[in-house]
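Trainee: Sharing a structure here in structure tokens format.
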Amino acid sequence: MPDFIHEDIRKLHLFDAMAQEHFQTLMRGAFVQTFPPQIDLITEGDPSDFLHVLVSGSVDLFSAWNGRETSMATVRPVSTFILAATIREQPYLMSARTLEKSRIALIPSVEVRAIFDTDSDFARAIVTELALCYRSVIKAQKDLKLRTSSERLANYLLRAQARAGGQPEFELGFEKRRLASVLGMTPEHLSRAFKGLHPHGVAATGTRVRIADRTSLERFAQPNPLIDDPKA
């Protein structure tokens, strides 16, 4: 594994406080691969053999049941997935596929669990990471259950605009069908939700979105830090 990838991984909160010898042990057993877009990385129900670290690109976490499929989350670099399965030595509860060309480091789960038992700083970092994941799930549930489809879309667009540097016009980064799945609605409902946001300055052409009046959109969306702030 190239040294610069070691450095990127080391900077993650999960690894930055652990003993250097333990980090080196993890890296000796790890390897990095580059995957093209739309490649399945893991399948829900499979054993959690590796902790994945996304170094570049993006990954869709999704689930399927009874002929239906839904996107659960988007992973962006540099971050890990799916930590809970690794620590619990349980099957993956979600599948994962690349959304674009992605570089991913794979760390054997057995090594992660062994060092969890011996490195207290690493163990505390894992607890913190799992707590953040738990809180993100609660926020997603609140977003889904307390807001209308138009309100969910409006708040998603505000967050997406912030990630894009606050520019009035930005790319969604994936097709609208997947956005509908992320927001828990059908493509038809998503289309109606976009039309409902026209009076608030939102216009969409394909995957490109323009927010002409952010103040109006915020008044409609009423963003809440207890749902929308990833740091809260």
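Trainee: Can you confirm whether segment 162-179 contains a residue that is on the phi > 0 side of the Ramachandran plot and loosely packed, with under 13 Cβ neighbours inside 10 Å?
Mentor: yes
Trainee: Is there a residue in segment 218-226 that is charged (D, E, K, R) and surrounded by 14 or more Cβ atoms within 10 Å (Cβ to Cβ)?
Mentor: yes
Trainee: Any idea how many residues of segment 175-212 are closer than 25 Å to LYS139 by Cα, of a type in the set (D, E, K, R) and in contact (Cβ under 8 Å) with a residue 40 or more places away in the chain?
Mentor: Count: 2.
None of the figures in this text is laboratory data; all of them are computed from the coordinates on show. All of these numbers come straight from a predicted model, not from anything done at the bench. Quick reminder, even Gly has a Cβ in these numbers, built from the backbone with ideal geometry, and neighbours come from all protein chains shown.
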